[in-house]
Amino acid sequence: MNAPTRYVLVGPPRLRAETLAQRSGLHPEMVRRLVALGVLDGVREGGELRFEPSAVATVARIQRLRAGLGLNYAAIGLVLDLLERIERLEAEIRRRRTSPWTPAA
C-alpha cells in the first residue's frame, strides 16, 4: 500500500529583519541596506521586512563574496544571479540524465 500523499498548505514562516540579522551576525540596518541595494530579497508584510528562511544562506554567501573576493555590492548581485542560473542549469542537467523519458538532444 502506498503512503498517503501529503500537501503543504502553508510555507515556512518568514523571518523578521532582526532575526535574520541575529542569525547572520549582521546589524539589522545592514540587512535593510542589502535589500535596498537589491542584493537580498525581502517582502513587506504589515510594514515590516520579512525574509524566506533561505535568506540566512544568501547572507552568508554575500559575506563570503565580500570578504573572500573583495567584491562591491553591485558585483555581488551579479555573481549571485550567475550562481543561481548555474544551479538551475545543473539541476536541469541532472533531471534530464535521470529521466528515462527525455529524448536525447
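Residues whose amide H comes within less than 5 Å of that of residue 49, counting only those at least five positions distant or on another chain, are 17 (H built at 1.01 Å from N in the peptide plane).
Cα-based values for the range 1-81, radius of gyration first and Dmax second, are 15.6, 56 Å.
Between residue 2 and residue 93, residue separation times 0.36 nm minus the direct Cα-Cα distance comes to 29.8 nm. Can you tell which of 53, 22, 37 lies farthest toward the positive end of the dipole of the chain, using +1 and -1 charges on the Cβ of basic and acidic side chains (Lys, Arg; Asp, Glu)? Checking the options against the dipole of the chain, the answer is 53. Taking the C-alpha atoms only, the angle from helix 73-98 to the longest principal axis of the chain is near 10 degrees.
Read-outs: derived from the displayed coordinates by stated rules, not from any lab. Here the structure is a predicted model, which means the values were calculated and not measured. As a convention, Cβ positions derive from the backbone with ideal geometry for all residues, glycine included, and neighbour counts pool all protein chains shown.
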